[in-house]
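Undergrad: Structure below; questions to follow.
None of the figures in this text is laboratory data; all of them are computed from the coordinates on show. Remember, it's a predicted structure, so these values are computed and weren't measured experimentally. As a convention, Cβ positions derive from the backbone with ideal geometry for all residues, glycine included, and neighbour counts pool all protein chains shown.
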Amino acid sequence: MSAKEFALQLKKIIEDLKENGTTAIYCDNLISYLDKVVNSPSPVVSDTELEKYKAELQVWVEKNKCAYLSDLEMFRSVIFAGQNAIRSAFLLNGGASVAILAFIGKLTDSQQDKIPTFAESLMIFVVGVLIVAMTSGFTYLSQWLYAGDKPWKLKIGFCLNILAIVSGLTSYGIFIWGMCSAYNGFINFV
C-alpha cells in the first residue's frame, strides 16, 4: 500500500468515526490500528517480485499450452486409429465377400450343387460389411454429438461411441465366423 492510499484509508476511517459521533480518537487505538497496517502483508509488489510472478505465469501458460496440444494430438491419433480400424474391417469383410462371390460365380459353370455351401459364407461376409458401414455411421454421429455442449448430447455421443466400438469388434468377429464357414465349405468340397 502506498503512502497516499494509506492516507486516504485513514482519512475515510476518521470521517466515518466523526459521522458516528466520535469527537476524539484515543492515541492507543490509533497506534493499535497503525500496528495492524504495518504488520499486514504489503500489497505493494517490488519489481523483483513482479518479474518472478510474470515468469511463473509464463511457465504456467506454456505448460497449459503444451498439455492442450498434447491432448489435441492424442485425440487426432485416436480418430486416425479408429478410421484405420474401420477401413481394415471393411477391407476384410468386403474383400472376403468379393472373393467368395467370384468363387460362387465360377461354381455356376460346373458344380451348382455346391453354391448353397458358400452362399452362407457370402451372407456372413455381407452382414460384416453392413455392420462396418453402421460402425462408420455411429462414429460420425458420436463425433457430431460430442461437438455439442449440452450434457444430454455428450451422453448420447458417448453411448454411440461405445456402440461404434462394439459394432467394429463385432465385424471382426463376423469375419472370423465367415472365414470358418468358408473353410468348412472348402473342407467339404469334394
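Undergrad: If I take every Cα pair under 8 Å that is 6 or more residues apart in the chain, average their sequence separation and divide by the length, what percent do I get for the relative contact order?
TA: With pairs under 8 Å counted, the relative contact order is 19 percent.
Undergrad: Before rounding to the nearest 500, sum -39500 (n - 2.57) across all DSSP H runs of length at least 4 in the chain and divide by the residue total; then give [θ] at 222 nm in deg cm²/dmol.
TA: Taken over the chain, the calculation gives -31000 deg cm²/dmol.
Undergrad: Pick out which of Val98, Val126, Val59 has the largest mean-square fluctuation in a Gaussian network model of the chain, springs linking Cα atoms closer than 10 Å.
TA: Val59
Undergrad: Can you tell me how the chain classifies by the Cα gyration tensor, rounded, prolate or oblate, using a/c under 1.5 as the rounded cut?
TA: prolate
Undergrad: Sticking with this structure for a sec: Please give, to one decimal in nm, the separation of the simple spin-label points placed at Tyr53 and Tyr140, each 7 Å out from Cα toward the Cβ.
TA: Using points 7 Å along Cα→Cβ, the separation is 5.3 nm.
Undergrad: Count the net charge of all other residues whose Cβ sits under 13 Å from the Cβ of Asn29, scoring Lys and Arg as +1 and Asp and Glu as -1. The partial results should precede the final answer.
TA: Values: positive: Lys36; negative: Asp28, Asp35.
After counting each charged neighbour, the total is -1.
Undergrad: If you plug each phi of segment 20-27 into the Karplus form 6.51 cos²θ - 1.76 cosθ + 1.60 with θ = phi - 60°, what whole-Hz ³J(HN,Hα) values come out, in order, with x for Gly and Pro?
TA: In residue order, the calculated couplings are 7, x, 7, 9, 9, 10, 6, 4 Hz.
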